[in-house]
Amino acid sequence: MFANYQEALNDYAYALSVKIPPGIRVFNKIADFRSWRRQLLLDRQTLGYVPTMGALHQGHLALVTAAKQQCDHVALTIFVNPAQFAPNEDLASYPRTLQSDLDQLAALGPHVASAVLVPQVQEMYPTGIELDVSKQKGAFVEVKGLSHQLEGITRPHFFRGVATVVTKFLNIVQPEHVYFGQKDIQQCFVIRRMLQDLHVPVQMHICPTIREEDGLAMSSRNTYLSPTQRTHALCLSKALQTMEKMYRDGVRHAPTLISAAKDVIETTQRQVETLGQDWQVKLDYVNVNSPHDLSEIRDEITDGAIMSLAVFVGKTRLIDNIVVDVSLDS
Ligand code: PAF
């Protein structure tokens, strides 16, 4: 019944084996987390929440820091959510670095991250969870109209998995504020619509993408890249920088911007071919979309835009985006 049953047990054993830094509460059981949260309510303390799948990097830590600036306490969840992985994707190999995650949170200073919930798969999905959507049972959340384009083309069930797990976690954590990174811009749109449509009483914040010094957007999946792939992964941010510069210089024709971004990716593809590598750089998509409903802009940009792309660098699929003339404030 449980496609990931063994994996679920491993996750749990793993969570229990870490050394918990002083000052951070780590919960494995939802009921224990809820008791802690209830006490905050009684004490009239506000809670900011950062949902994560672990493998924390500066991008996650920036969300925690932003949350701490607005809330008395900050809680994170660390949960590699099976429902957002397709059977052919990297659920098994997704980096699980709980000890380092907790150490990084502790290094932010005392009383920044108050609590971390690391639940078991069985508890999060009491009816079980199959990666094959046709075999799934139980309750799932879908956000129609925003989930099928862009990422949804290559990953048709991804946002259903994300919306479902975020709904579950918001029911468990019950924060006043929740924080997401702009790096996953479509995810932000899907969640924002879900919160509105389901009347979830939480204020959502979208924080800017955190980048390495050379421009590469921080991502847990960057750890899959070899040093040579890492160098060539810069084609994503370079393509976006090219589009942004052209836009700032007055170019508003979306196909022209897209074509310039494709040139950047193709140049990198040729470089990798010349090096005789046994992997390739492959463009999945580069798009210009409306910041209102994510519809594709096929002509002139008149009222801001989201420029986004996904590129395979070897087996690693990376995404990145910029927004122009758009405020992401909720
Ligand atoms: O952005 C992520 O890391 C995940 O999609 C999220 C929001 C934690 C849900 O699993």
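The values are calculated or read from the model by the stated rules, or taken from the named source; none is laboratory data. Everything quoted here is computed from the prediction, not taken from an experiment. Every residue, glycine among them, receives a Cβ derived from its backbone with ideal geometry; neighbour counts consider all protein chains shown. Heads up: the accessible areas ignore ligands, DNA and RNA and are worked out on the full protein's heavy atoms, side chains in. Shrake-Rupley method; radii C 1.70, N 1.55, O 1.52, S 1.80 Å.
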Tell me yes or no: at least one residue of region 225-248 is open to solvent by 70 Å² or more (accessible area, probe 1.4 Å) and either of a type in the set (A, V, I, L, M, F, W, C) or over 27 Å from the mean Cα position of the chain (by Cα) (or both). yes
Long-range neighbours under 6 Å by Cβ, at least six apart or interchain, first residue among the basic types (Lys, Arg) within region 301-330, second in a loop (DSSP other than H, G, I, E, B): none
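Does ILE306 satisfy the condition of being closer than 29 Å to GLN70 by Cβ and either small (Gly, Ala, Ser) or at pLDDT 95 or above (or both)?
yes
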Selection from region 76-106 of residues that are open to solvent by less than 20 Å² (accessible area, probe 1.4 Å) and away from the ligand (no atom under 13 Å from the Cβ): LEU98, LEU102, LEU105
Do we have ASP132 as touching a Pro at 6+ places or on another chain (Cβ under 8 Å) and among the acidic types (Asp, Glu) here? yes
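Within region 142-159, identify whether any single residue is within 16 Å of the ligand (Cβ to nearest atom) and β-branched (Val, Ile, Thr), and answer yes or no. Before the answer, list the steps.
We begin by selecting, within region 142-159, every residue within 16 Å of the ligand (Cβ to nearest atom); these are 142-143, 146-147, 150-152, 154-159.
From what's left, β-branched (Val, Ile, Thr): 143, 154.
Yes, some residue in region 142-159 is within 16 Å of the ligand (Cβ to nearest atom) and β-branched (Val, Ile, Thr).
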Please note which helices (runs of 4 or more DSSP H) are completely contained in region 171-270 and include at least 3 residues that are within 15 Å of VAL286 (Cα to Cα) and β-branched (Val, Ile, Thr). none
Run VAL173 past the list (1) more than 10 Å from the ligand (Cβ to nearest atom); (2) open to solvent by 10 Å² or more (accessible area, probe 1.4 Å) and report the number of the one that doesn't hold. (2)
I'd like the residue in region 42-62 that is of a type outside the set (Gly, Ala, Ser), near the ligand (Cβ under 10 Å from one of its atoms) and not in a loop (DSSP other than H, G, I, E, B) and, out of all such residues, is surrounded by the most Cβ atoms within 10 Å (Cβ to Cβ). VAL50
